[in-house]
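The values are calculated or read from the model by the stated rules, or taken from the named source; none is laboratory data. Just so we're clear, the structure is a prediction, and the values are computed from it rather than from any experiment. Neighbour counts run over all protein chains shown; Cβ positions are idealised from the backbone, glycine included.
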């Protein structure tokens, strides 16, 4: 098999179970939870580490920002043998009751028809972007067992980070818990490629407070990522694939 274009690694360098993150710094942090973690890719800034957690091989990979970047990494991970992929990211809450520092486990992701989605799906049908049920339930149980405040429900995957202010009034009242940028493409590729997927999103800000509201800094996120990361790794190492 030819080495992928962006993840310059060979088959066998990536585990069947993968946690993907947007921020390379978050990938470095989560790699510290693994035993014998080694950096297998740093090309294009898509830092990827492989090690073990509880004796089970796991990789942590960076997917960058937005669906096109994430799709490249997800496709190449699958080509390298990944069979279970969970996104651990951040999300802006769209409902006032969802607290900063809480965790959202998406039951599905809304997305705008067009662009990358139409290129993949080739249809006017708005396909459901949903995670694997076994992964979803395992993540919820593990996070709650770790004492985290967990919300379970739909989110919206946006392509425009700085065009989200009206979402509070449009989507929040209709049950959408938060907005992020990559979960829909992960779920859809999981369905298209026959790979188990899930997501865990840490609430970094609440858009009901506006753009000037509180936004968790990297330092404030770090201990939450540590706790959530352990729960996610604990869950995926117990799932059959």
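Listed residues 60, 56, 19; which is closer than 17 Å to residue 229 by Cβ and either surrounded by fewer than 19 Cβ atoms within 10 Å (Cβ to Cβ) or without any contact (Cβ under 8 Å) to a residue 24 or more places away in the chain (or both)?
Of 60, 56, 19, the one residue that is closer than 17 Å to residue 229 by Cβ and either surrounded by fewer than 19 Cβ atoms within 10 Å (Cβ to Cβ) or without any contact (Cβ under 8 Å) to a residue 24 or more places away in the chain (or both) is 56.
Tally the residues that are farther than 15 Å from residue 99 by Cα and at pLDDT below 95, restricting the search to the range 194-216.
2
With the structure loaded, tell me whether residue 139 is touching a strand residue (DSSP E or B) at 6+ places or on another chain (Cβ under 8 Å) and modelled with pLDDT under 95 or whether it fails that test.
So residue 139 fails the test.
Identify all residues within the range 34-50 that are within 22 Å of residue 227 (Cβ to Cβ) and either assigned to a loop (DSSP other than H, G, I, E, B) or within 19 Å of the chain's Cα centre (by Cα) (or both); write none if there are none.
34, 47, 49
Among the residues of the range 169-197, how many are surrounded by fewer than 24 Cβ atoms within 10 Å (Cβ to Cβ) and part of a helix (DSSP H, G or I)?
10
Being assigned to a loop (DSSP other than H, G, I, E, B), surrounded by fewer than 22 Cβ atoms within 10 Å (Cβ to Cβ) and in contact with a strand residue (DSSP E or B) (Cβ under 6 Å, 6 or more places away or on another chain): is that true of residue 241 here?
yes
Given the residues 117, 133, 111, which is the only one that is over 13 Å from residue 199 (Cβ atoms) and modelled with pLDDT under 90?
117 is the lone residue from the list that is over 13 Å from residue 199 (Cβ atoms) and modelled with pLDDT under 90.
Here are the criteria: (1) out of contact with any helix residue (DSSP H, G or I) (no Cβ under 9 Å at 6 or more places or on another chain); (2) within 25 Å of residue 16 (Cα to Cα). Tell me which single one residue 214 does not satisfy.
Only one criterion in (1) out of contact with any helix residue (DSSP H, G or I) (no Cβ under 9 Å at 6 or more places or on another chain); (2) within 25 Å of residue 16 (Cα to Cα) is unmet by residue 214, namely (2).
When the residues of the range 22-33 are narrowed to those that are crowded, with 16+ Cβ neighbours inside 10 Å and touching a residue at least 60 places away in the same chain (Cβ under 8 Å), which ends up nearest to the chain's Cα centre (by Cα)?
22
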